[in-house]
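As structure tokens, the structure follows; a few thoughts come after it.
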Amino acid sequence: MNENKPKAPEKRESVFLSLILNIVIPTIILTKASKEEYLGTVWALIIALIFPIAYGVIDLIRRKKYNIFSILGVVSLLLTGVIGLVELSAKWLAIKEAAIPLIIGVFVLGSMRTRFPLVKMIFYNDTLLDLDRVDHALDERDAREAFTHRLDNVSYMLAGSFFLSAVLNYVLARWVVTSEAGTEAFNEELGRMIALSYPVIVVPSMIIMVIALWYLFAGIKRLTGLEFEQIVRVKESEEAEDSKKE
């Protein structure tokens, strides 16, 4: 029996399916089906949120990656449903929208001096990098302290992206959603907010994360002397195929 049997390829999230279920379908339902002659405000809200909530839960189970970001995403959607169904003031929606990324940003900073900093879970993991090779090269070059300093900078950048997201979430929610919950206008505005969240919030945050990832990779390359192809994890499927041939 081969003890060095390679891990099965990680199941990746479908970006297209994520956009359809998390943004497109909820937006269409909330903006087009909230009228009483269709679904009505309550059922439109419930059905619109079922798609992203179900997607989030199924994706968690399928990929078996239970982390704070995925869980808070599902919790955020459930809170949106509660705010709409209980008919709380629209300002609570804005507070909720800002609170989730703010909490994550605080967690990122708070975890920096723990054994399990969140930045490692996101960027410095064995799914993305060949950790054994990188760690060996860092120790061999006595560059561990310099790398830790760079990793701290990445944590600040990552936390900054979540704090920016919190501000943008609040501003967008207050700007777009002005009607009281439980009304047709509230549902339509919520649908517009979901549609606008991608270009207004997700894109700027992703740009910061890409910059942070580039900064980390550039540091690893300089501190270890390894090439990019030696740093990143090769496709597991190719490794498995090579192993079979041997």
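The values are calculated or read from the model by the stated rules, or taken from the named source; none is laboratory data. Given the structure is predicted, the values throughout are model-derived calculations rather than measurements. So basically every Cβ, Gly included, is an ideal-geometry build from the backbone, and we count neighbours across all protein chains shown. With ligands, DNA and RNA removed, areas are computed over all heavy atoms of the protein, side chains included. Shrake-Rupley method; radii C 1.70, N 1.55, O 1.52, S 1.80 Å.
When each of Ser243, Ser179, Ser161 is tested for being modelled with pLDDT under 85 and either surrounded by fewer than 18 Cβ atoms within 10 Å (Cβ to Cβ) or assigned to a helix (DSSP H, G or I) (or both), the lone residue that passes is Ser243.
One line per residue, one yes/no per condition, for (1) touching a helix residue (DSSP H, G or I) at 6+ places or on another chain (Cβ under 9 Å); (2) under 16 Å from Glu227 (Cα atoms):
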site: Leu118; (1), (2): yes, no
site: Asp126; (1), (2): yes, no
site: Leu131; (1), (2): no, yes
site: Asp135; (1), (2): yes, yes
site: Asp139; (1), (2): no, no
site: Asp142; (1), (2): no, no
site: Thr148; (1), (2): no, no
site: Asn153; (1), (2): yes, no
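Criterion first (of a type in the set (A, V, I, L, M), assigned to a helix (DSSP H, G or I), modelled with pLDDT of 85 or more and out of contact with any helix residue (DSSP H, G or I) (no Cβ under 8 Å at 6 or more places or on another chain)) does Ala185 satisfy it? Spelling it out, Ala185 is indeed of a type in the set (A, V, I, L, M), assigned to a helix (DSSP H, G or I), modelled with pLDDT of 85 or more and out of contact with any helix residue (DSSP H, G or I) (no Cβ under 8 Å at 6 or more places or on another chain). Within segment 85-135, restricting attention to residues that are basic (Lys, Arg) and assigned to a helix (DSSP H, G or I), the residue that is least open to solvent (accessible area, probe 1.4 Å) is Lys96. Do you know which residues across segment 19-46 are assigned to a helix (DSSP H, G or I) and open to solvent by 70 Å² or more (accessible area, probe 1.4 Å)? Those that are assigned to a helix (DSSP H, G or I) and open to solvent by 70 Å² or more (accessible area, probe 1.4 Å): Ile28, Lys32, Val42, Trp43.
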